[in-house]
1. Which one, PRO124, LEU181, SER47, is farthest towards the positive end of the dipole of the chain when Lys and Arg carry +1 and Asp and Glu -1 on their Cβ?
2. Below 8 Å, C-alpha to C-alpha, sequence gap of six or more: please give me the relative contact order for segment 164-206 in percent.
3. Could you give the angle, 0 to 90 degrees to the nearest 10, between helix 97-117's Cα long axis and the longest principal axis of the Cα atoms of the chain?
4. Report the relative contact order of segment 132-212, percent, no decimals, based on alpha-carbon pairs under 8 angstrom and at least 6 residues apart.
5. For ARG112, what is the net charge nearby, where nearby means another residue's Cβ is under 14 Å from its Cβ and Lys, Arg count +1, Asp, Glu -1?
6. About its Cα centre, how strong a charge dipole does the chain have in debye, to the nearest 20, once Lys and Arg get +1 and Asp and Glu get -1 at the Cβ?
7. For the chain, what is the mean residue ellipticity at 222 nm derived from helices alone (per DSSP H run of n ≥ 4: -39500 (n - 2.57); sum divided by total residues; nearest 500 deg cm²/dmol)?
8. May I ask for the net charge around LEU123, where only other residues with Cβ less than 15 Å from the Cβ of LEU123 are counted and Lys, Arg are +1 while Asp, Glu are -1?
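The values are calculated or read from the model by the stated rules, or taken from the named source; none is laboratory data. Note that the structure is a prediction, hence the values are computed from the model and not measured. Here the Cβ positions follow ideal geometry from the backbone for every residue, glycine too, while neighbour counts run over all protein chains shown. Remember, those area values only see protein heavy atoms, side chains included, never the ligands or the DNA or RNA. Shrake-Rupley method; radii C 1.70, N 1.55, O 1.52, S 1.80 Å.
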Amino acid sequence: MGREAAAILDKNGETTSLEEDYQLVVYQRQQGRWRESRRMECRFDKSQGLKGLRRGMDEIIRFLADCKIIAGREITGVPYYELEKAQCSIWEISGTPADFLDYILAKEEKERQKRAEASPIKLPSPIHLGEGKYAISLKGIQESSSGVTSKQVLVPFLQQGDFSTLTVTCAHVPPWLDCELRSGYFAGDIAKLGINHYEITLHNKNSTGKTV
């Protein structure tokens, strides 16, 4: 089976954002050519709020199925987080699919080869400061081309829940984490300390206050 890539397109066949009426089109490359595999007409009902947005993204992710590359003019906020959570490679790019599908596939293949050839990377771990307080820096992985994501580092620790607060130092705020804070899934604060220097403090809602 050929490689697949999806595009968020307006009525003129150019990339658009998820904030407008659009068509989600999945293309498959076979025998050196891109062919349309399937398409879906989409429109988010803003009156449904965050729950409606998440339902809409669930439909999109089901439609994408095994297609893990998606391109649009602008993909931010909850849509970005939900696509990232579904392990999609997200591209913000303007134009028509004929302009960029080969370019995206070439970049994806090059990155995949780079990861395959790279030496195993040790993920940074939170440092225990006492009384259930932890700290971790993401700047190293964010400023490198290791392919390690903030989600790979943070999610296993957050899922364990054995902390009262976690202070995260980073070069930029991970979109998925920003989204979770805005939605109230996590409690916390974001402080900008300087250029490419942020500090995020996460509070464990289920913490008993005991030392971990």
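1. Ranked along the dipole, the leading option is PRO124.
2. Across segment 164-206, relative contact order equals 52 percent.
3. So the helix axis and the longest Cα principal axis differ by about 40 degrees.
4. 35
5. Overall, the nearby charge balance is +2.
6. 480
7. Helix-only estimate at 222 nm: -10000 deg cm²/dmol.
8. Result for the neighbourhood of LEU123: +4.
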